[in-house]
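Novice: Before anything else, here's the structure in question.
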Amino acid sequence: MKLTAQTDRLEGRGITLEQLRAFVFIAEYGGFGRAGEELGRTQSTLSAGLRRLEEDAGCRLIERRQGHILGLTEDGRQLLPAARDILLRTNRTIGALKKTHLKGRVALGVPDDFQVANLHEIISLCLEENPGLRVEITAASSTVLSAMAAQQRLDVVILKGMAGQPLFSELERILRVEPLYWVSSGAVHFSEMDEVPLVTFPDGCVIRKCAVSALEHVGRSYYFSYVSGSFDNIRSAAASGLGIGLLPKNALSDDLYVLTPEDGAPSVPAIQLVLSVTRPGKLYKLFTSYIDRGLGSVA
């Protein structure tokens, strides 16, 4: 689908932001259930919105069979970045209309062992719209960030945790839930390995904890073949055949082979990203609204 060629076809059609948002969330989360949970919509509502969008676009955007998402079509892959851009620009405009100018300093902590899509762009937008604001960002492991937050060295922090863990404060909220996937350079069965060579993050990382717990639960021996705090390093090591990794969906890449239960991969829980305000105040609440709007619109 050439977007320029679609202009005339779509002229006068009733495509809505809600339909685009449904398409983006379904595409990113790989299913109607997860997308519905994130958007607070029923699966039938999302399905109807996607169907109307496809009717207006005159093409199929997502391949599905019996309610299961198989992937994006070529047209869907072309539309996805444009739909994201439309949603982000809309949120920027809404933010500008509110004319709330933030002033002061915000110390933000973000995990360097988890990719938060578009976070840099969101912070850049916030600074552009609020020239009187200064944001000081610390990227570190969740263990380090938790310690800094406890010492009041961070005003706002994004932390990883195991999905389903309760929140302890009204100043905390879940940004997203991410499933985890075992990955390697190619097909391999866990039963064929005397010890599982684990490519993972340093001690204290929740993803590492999930991997170790899952292997120990099924009685699989393991050793740490590669340890790094960098997602790029973990991806590269697993793709190069240095071992088996465990990564969230948004960190997967085409050069990684996803291992399934048919490969003997043990089940693992999902993880969640939690946004926490450690210092109460209007400035920090308004600042986190930028993160909510930006991450919520593009998933």
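Novice: Test Leu167 against the stated conditions and say whether it is surrounded by fewer than 19 Cβ atoms within 10 Å (Cβ to Cβ), more than 22 Å from the chain's Cα centre (by Cα) and under 30 Å from Gly40 (Cβ atoms).
Specialist: The answer is no for Leu167.
Novice: What are the residues in segment 1-34 that are modelled with pLDDT under 80, among the aliphatic types (A, V, I, L, M) and either more than 24 Å from Asn118 (Cα to Cα) or surrounded by 17 or more Cβ atoms within 10 Å (Cβ to Cβ) (or both), if any?
Specialist: If the condition is that a residue be modelled with pLDDT under 80, among the aliphatic types (A, V, I, L, M) and either more than 24 Å from Asn118 (Cα to Cα) or surrounded by 17 or more Cβ atoms within 10 Å (Cβ to Cβ) (or both), then Met1, Ala5, Leu10 are the ones that fit.
Novice: Now for a separate question. Here are some residues: Glu63, Glu37. Which one is in a strand (DSSP E or B) and either surrounded by 15 or more Cβ atoms within 10 Å (Cβ to Cβ) or within 23 Å of the chain's Cα centre (by Cα) (or both)?
Specialist: Sole residue among the options that is in a strand (DSSP E or B) and either surrounded by 15 or more Cβ atoms within 10 Å (Cβ to Cβ) or within 23 Å of the chain's Cα centre (by Cα) (or both): Glu63.
Novice: When you check Ser142 against the structure, is it in contact with a Phe, Trp or Tyr (Cβ under 6 Å, 6 or more places away or on another chain) and touching a residue at least 40 places away in the same chain (Cβ under 8 Å), yes or no?
Specialist: When the stated conditions are applied, Ser142 does not pass them.
Novice: Then there's this: How do the strands (runs of 3 or more DSSP E) wholly within segment 202-275 filter down when requiring 1 or more residues that are among the small types (Gly, Ala, Ser): which remain?
Specialist: 222-227, 244-248
Novice: Of all the residues that make up segment 125-167, how many are polar (S, T, N, Q) and either in contact with an Asp or Glu (Cβ under 8 Å, 6 or more places away or on another chain) or outside any loop (DSSP other than H, G, I, E, B) (or both)?
Specialist: Of the residues in segment 125-167, 5 are polar (S, T, N, Q) and either in contact with an Asp or Glu (Cβ under 8 Å, 6 or more places away or on another chain) or outside any loop (DSSP other than H, G, I, E, B) (or both).
Novice: Given the condition at pLDDT below 80 and on the phi < 0 side of the Ramachandran plot, answer yes or no: does some residue in segment 46-57 qualify?
Specialist: The answer is no; no qualifying residue exists.
The values are calculated or read from the model by the stated rules, or taken from the named source; none is laboratory data. This structure is a prediction, so every number in the text was calculated from the model and none was measured. Cβ coordinates were reconstructed from backbone atoms using ideal geometry, including for glycine residues, and neighbour counts include every protein chain displayed.
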